[in-house]
Amino acid sequence: MKIQLLEPERFYHVFNRGNNGIDLFYDTDCYYHFLRLYEKYMEPVVETYTWCLLKNHFHLLIYVKPQNEIDSSKLKYSTVEKPSVISTPKQFSHLFNAYTQAINKRFKRTGSLFEKPFHRKLITSDDYFQKLVYYIHNNPVHHGFCENINDYPWSSYGSIISEKPTKIKRKEVIDVFYNLDNFIAYHNQNQDFFDIDDLIIE
């Protein structure tokens, strides 16, 4: 299987699940800890537009920053010498490894937690972007965790419709839907994914 790169200045749908379908998140603290580690390892290299964490998998809509906008002082390196090119996939590996180590220690388990490699799809159009935002936010409803998008706490939907400070690219997401009212209305309708079925990774 050919693994797609994560190129700078591109948007991607990133997805991963528990190895062999096992749970990734065991309780509320696990969700919070993953988000803390995500901020630590990924915020220096990507901008996050949409996210959702579910019990055994997660979805992200990200933009990979240009190399010249990456603050390398915030990154952790496995060697003394800093790399000349920052690898976004390697940052994801650091995230997954750090989270796995914490979960293994806390729950006295061993072995891998995430599938390898993680999945990624290049976002190639505004239509794909718009439908993907809905798809990610609707995932908890799709999998039966709740009946309404508003009821699920572990996604970016609540941050986008609120006025609270957030590191999510709120304005940019809303602009794709023209305004907040359209964003909410779009999420309250059932959307048809037939034209992007091959771009959905599930």
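Please treat every number below as a calculation from the coordinates, not as lab data. Note that the structure is predicted; figures quoted are calculated from it, not measured. Glycine gets a Cβ as well: all are built from the backbone with ideal geometry, and neighbour counts include every protein chain shown.
For Leu5 and Glu43, calculate 0.36 nm times their separation in residues minus their Cα-Cα distance, and state this gained length in nm to one decimal.
11.8 nm
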Review point. Which value in nm describes the separation of the simple spin-label points at Ile161 and Asp23, placed 7 Å from the Cα toward the beta carbon?
Key: 2.7
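Packing-wise, with mean Cβ within 10 Å as the measure, how do 56-64, 114-122 rank, highest first?
Final packing ranking: 56-64, 114-122.
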Point to revise | the chain, relative contact order in percent, only Cα pairs under 8 angstrom and at least six apart counted | key: 27
Practice item. Grab the DSSP H runs of the chain that are 4 residues or longer, score each as -39,500 (n - 2.57), total them, divide by all residues and round the 222 nm result to the nearest 500 deg cm²/dmol. Key: -11000 deg cm²/dmol
Revision key, fill the gap. With +1 at each Lys and Arg Cβ and -1 at each Asp and Glu Cβ, the charge dipole magnitude of region 11-192 around its Cα centre, to the nearest 20 debye, comes out at 900
**Study point:** GNM top mover of Phe107, Phe183, Phe34 - the chain, alpha-carbon springs below 10 Å
**Key:** Phe107
Study note, to complete from the structure: Of all C-alpha pairs within region 141-186, those more than 11 angstrom apart amount in percent to 69
Review point. Stretched out fully, how many nm does the piece from Leu35 to Phe107 gain, at 0.36 nm a residue minus the Cα gap?
Key: 24.1 nm
Review point. Given a Förster distance of 22 angstrom, what is the FRET efficiency for His143 paired with Leu180, based on the Cβ-Cβ distance and rounded to 0.05?
Key: 0.25
Review point. Quick one: if the Förster radius is 30 Å, what FRET efficiency do Ser87 and Glu172 give, using the C-beta to C-beta distance and rounding to 0.05?
Key: 0.75
Review point. If you build the Cα gyration tensor of the chain and take the root of 5 times each eigenvalue, what three semi-axes come out, in whole angstrom, biggest first?
Key: 26, 21, 17
Check your understanding: Using alpha carbons only, what's the Rg to Rh ratio of region 91-202 with Rh from Kirkwood?
Key -> 1.02
**Study point:** Relative packing of peptides 18-31, 134-147 - highest average C-beta neighbours within 10 Å first
**Key:** 134-147, 18-31
